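The values are calculated or read from the model by the stated rules, or taken from the named source; none is laboratory data. From a predicted model like this one, the values you see are computed outputs, not experimental measurements. All Cβ positions, glycine included, derive from the backbone under ideal geometry; neighbour counts span all protein chains shown.
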Amino acid sequence: MSAGLTESVSLHNGVKMPLFGLGVYKATEGGEVERAVKTALDVGYRSIDTAAFYDNERGVGQAIRETDIPREDVFITTKVWNTDQGYEGTLRAFEESKKRLAVDYVDLYLIHWPVPGKYKETWKALETLYSEQKVRAIGVSNFQIHHLDDLLASCKVKPMVNQIELHPKLTQKKLFAYCQKHQIQVEAWSPLMRGNFFEHQTLVTLAEKYNKTVAQIILRWDIEQKIVTIPKSVNAHRIEENAQVFDFELTEQEVKDISALNEHLRLGPDPDNFNF
Ligand code: NAD
């Protein structure tokens, strides 16, 4: 087990969130997701990122229960989907997610996308869930600066996390700085650019220097910046490989060199032009 897998960041309410976790988007409900989560937990992962939309919460919960790792040692994130947003819809959706996961509480509950005209009501529901201690932390995903400005102007509880697309081709510098200023922890989705652009010379050279893979170099770049990262894989070998990033360090200059690969390139949808 890699020691660094228990390294964590403190959210602004004091809750500790592992810096590293497993993403399970597109891992099929049932055997596939259960095997991936069990492999990850065996390797030492202690954080799993799912969502109602991924349709695999049952398998995630099942896999966690089937290990002998205490529930409080695993950090579970799930998210409310767009069509359920609004106050009552979100409370209902949360209960359904909780039932599918079969847990007493969720560690982090996120608004999956900023649905215009709805996300503020959705946030109020998250505040209710937080005050009732059904969730240990609440946050958002895919929120741009203007969404956060809007939310921060009226919320009672500030989001603890913003989970956004972030990788060497999309460094989100301004949004990252904004979140840091407001103590909102940034979490990277598609950290591995879904497996694309691995042949880039800067990354290949660093991989050779440290005797690591390009995937490991990118994940280390996240960790050096204290960005929570959740690479996805259902392949046991890759789940293990992705976790081997706590036995080397990149220099400040190398972190900058990787950040310089930014092209503002989105692989996923643009939150301002999403087909809600
Ligand atoms: P990712 O960047 O983690 O890429 C995953 C893909 O990269 C794998 O399917 C595999 O093809 C490849 N890969 C994984 N490990 C590799 C390795 N060691 N070497 C070579 N290739 C490798 O992409 P993702 O799944 O889109 O994002 C990660 C997680 O982020 C998701 O599973 C999900 O939990 C979350 N996510 C959230 C949102 C959101 O809107 N909040 C959107 C997308 C993803």
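Here are the numbers:
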{"quantity": "Residue among 152, 166 that is among the hydrophobic types (A, V, I, L, M, F, W, C) and either under 20 Å from the mean Cα position of the chain (by Cα) or crowded, with 18+ Cβ neighbours inside 10 Å (or both)", "calculated": "166"}
{"quantity": "Segment 2-44: number of residues that are among the acidic types (Asp, Glu) and closer than 16 Å to residue 67 by Cβ", "calculated": "2"}
{"quantity": "Search result, residues across segment 75-131 that are within 14 Å of the ligand (Cβ to nearest atom), under 20 Å from residue 156 (Cβ atoms) and of a type in the set (Phe, Trp, Tyr)", "calculated": "109, 119"}
{"quantity": "Selection status of residue 187, over 25 Å from residue 161 (Cβ atoms) and either within 14 Å of the ligand (Cβ to nearest atom) or touching a residue at least 60 places away in the same chain (Cβ under 8 Å) (or both)", "calculated": "no"}
{"quantity": "Any hit, segment 159-173, residues being under 21 Å from residue 77 (Cα atoms) and more than 12 Å from the ligand (Cβ to nearest atom)", "calculated": "yes"}
{"quantity": "Selected residue (only one of 276, 197, 246 is modelled with pLDDT under 95 and over 24 Å from residue 116 (Cβ atoms))", "calculated": "197"}
{"quantity": "Within segment 190-206, tally of residues that are surrounded by fewer than 18 Cβ atoms within 10 Å (Cβ to Cβ), within 12 Å of the ligand (Cβ to nearest atom) and assigned to a helix (DSSP H, G or I)", "calculated": "2"}
{"quantity": "Single condition residue 34 does not satisfy, out of (1) surrounded by fewer than 16 Cβ atoms within 10 Å (Cβ to Cβ); (2) among the acidic types (Asp, Glu); (3) without any contact (Cβ under 8 Å) to a residue 60 or more places away in the chain", "calculated": "(1)"}
{"quantity": "Positions within segment 39-67 being surrounded by fewer than 20 Cβ atoms within 10 Å (Cβ to Cβ), away from the ligand (no atom under 13 Å from the Cβ) and closer than 17 Å to residue 241 by Cβ, in sequence order", "calculated": "42, 44"}
{"quantity": "Answer from 239, 258, 223, 218 - the residue that is assigned to a helix (DSSP H, G or I), more than 13 Å from the ligand (Cβ to nearest atom) and under 17 Å from the mean Cα position of the chain (by Cα)", "calculated": "223"}
{"quantity": "Selection count where residues are outside any strand (DSSP E or B) and closer than 23 Å to residue 257 by Cα, scope segment 137-187", "calculated": "13"}
{"quantity": "Residue 233 being touching a residue at least 60 places away in the same chain (Cβ under 8 Å), closer than 30 Å to residue 117 by Cα, of a type outside the set (Phe, Trp, Tyr) and within 12 Å of the ligand (Cβ to nearest atom)", "calculated": "no"}
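A quick yes/no check of all residues on (1) in contact (Cβ under 8 Å) with a residue 40 or more places away in the chain; (2) farther than 18 Å from residue 23 by Cα:
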site	(1), (2)
191	yes, no
198	no, yes
205	no, yes
218	yes, no
241	no, no
246	yes, yes
265	yes, yes
274	yes, yes
